[in-house]
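The values are calculated or read from the model by the stated rules, or taken from the named source; none is laboratory data. These numbers were taken from a predicted model, which means no experiment stands behind them. As a convention, Cβ positions derive from the backbone with ideal geometry for all residues, glycine included, and neighbour counts pool all protein chains shown. Surface accessibility is based on the protein's heavy atoms, side chains included, excluding ligands, DNA and RNA. Shrake-Rupley method; radii C 1.70, N 1.55, O 1.52, S 1.80 Å.
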Amino acid sequence: MVKLLHVIFYALFVLPAASQHVEAKADMQVLIRDFFQVSNLTTQGQIITLELNNENDIETGINKEIRSNLMVTSTVDYNLFARAAFPVFYNQQSRRSFPSSVLTVEIINTDLSLNGTAIEKVQRLSTLNQPLISEGKPLFKSAIDIRYSIPAEHAKEYLVKAGSGVYSNTIIYTISPQ
């Protein structure tokens, strides 16, 4: 009988306490804010120079490819635009100029299009935002390679007539969410 009481006591009081557990909960959220950024790490403080050196450059046009010219990070679908700060490339010394529309700006890394990003080409740079990337998909620190060029027809029509010297303008890149 004592043994039976011992078993009943164990079953009623000790066993349930050993098999019970206590929980505490913490509700958790991860907040991801819309974020998009474009920077030009490679050319920060540098000047991109297109050089017209000889007759061949006039006949074929001139270009320069800049690897990792821009760095883009975005948590949202985005568009990337390019525009000229001024309507002309200007030479301070000669006070001569030629239109910014002689310059073509294009993205040359085609791997961006693999994720559904539409890559565009700015044929004639202007002071209005023109798309370089449409429907860009979220990405982290993606290097954008850009080719700057002046086609032969513009070299003949504008650069030869402008005369020797250094002509300057600024290209502004803008990223915005879709």
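Assorted remarks:
- Pairing residues of segment 143-160 that are of a type in the set (Ser, Thr, Tyr) with residues that are assigned to a strand (DSSP E or B), at Cβ distances under 7 Å and at least 6 apart in sequence or on separate chains, gives Tyr148/Asn63; Tyr148/Lys64; Tyr148/Val105; Ser149/Ile62; Ser149/Asn63; Ser149/Thr104; Tyr158/Phe98; Tyr158/Pro99.
- Residue match in segment 131-141 (condition: in contact (Cβ under 8 Å) with a residue 60 or more places away in the chain, small (Gly, Ala, Ser), open to solvent by 10 Å² or more (accessible area, probe 1.4 Å) and out of contact with any Lys or Arg (no Cβ under 8 Å at 6 or more places or on another chain)): no
- Pick from segment 21-42, criterion free of Cβ contacts under 8 Å to residues at least 40 places away in the same chain and surrounded by 10 or more Cβ atoms within 10 Å (Cβ to Cβ), ranking: nearest to Phe81 (Cα to Cα): Ser39
- Test for Thr49: is it surrounded by fewer than 18 Cβ atoms within 10 Å (Cβ to Cβ), polar (S, T, N, Q) and in a loop (DSSP other than H, G, I, E, B): yes
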